[in-house]
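Asker: Just passing along the structure, written as structure tokens.
Bear in mind these aren't lab numbers, they're just calculated from the coordinates by the rules spelled out. This structure is a prediction, so every number in the text was calculated from the model and none was measured. Ideal geometry is used to build each Cβ from the backbone, glycine not excepted, and the neighbour counts take in all protein chains shown.
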Amino acid sequence: MSEQQEPVRWAELSTEQRDRLVCEKVFGYKLTPATLRFLPSYTTSMDAAWMVVEHMKQLPQTIGSPREMAGTWFIGWWKTVHLWEMSKEEAASAICVAALDVCGIKIEEK
């Protein structure tokens, strides 16, 4: 888990920058110019955002250090958020923001 000084200003990032952040910080992938063209639209597509959900479900469901509790926190968030009240783009973005938060990346959404 990385320590971060300033929160990421979500609204100032392009869609590609948001998707790259998810790919690198949630999944741990290193992107190259050649692989960028295959980057899923995690933050705008529910199909791609569901890959984030599936990844987060694989994290340990325990109590302990923040990294050990990542799966527990994400599942807790999942049970309290009302995704059905959001558009599909808003829901995809919310899933990604929650996953980034679990991974130690603080997001300023406004």
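Asker: In whole Å, how far is the Cα centre of the range 15-32 from that of the range 83-106?
Answerer: So the separation of the two Cα centres works out to 14 Å.
Asker: Separate question: Using the count of nearby Cβ atoms within 10 Å as a rough guide to exposure, how do Leu39, Leu21 rank from fewest to most?
Answerer: On the way: Leu39 16, Leu21 20.
With the sparsest Cβ surroundings first, the list reads Leu39, Leu21.
Asker: Given 0.36 nm per residue, what is the gain on full extension from Glu12 to Leu39 after removing their alpha carbon distance, in nm?
Answerer: 7.8 nm
Asker: State which entries of Lys30/Lys88; Lys25/Lys57; Lys25/Lys106 exceed 21 angstrom in Cα-Cα distance in the structure shown. Each step should come with its number before you reach the end.
Answerer: On the way: Lys30/Lys88 27 Å; Lys25/Lys57 16 Å; Lys25/Lys106 11 Å.
Beyond 21 Å: Lys30/Lys88.
Asker: Taking neighbour Cβ counts within 10 Å as the exposure measure, how do Cys103, Cys96 sort from fewest upward? Mind dumping the intermediate values first?
Answerer: On the way: Cys103 22, Cys96 25.
Exposure proxy ranking, most exposed first: Cys103, Cys96.
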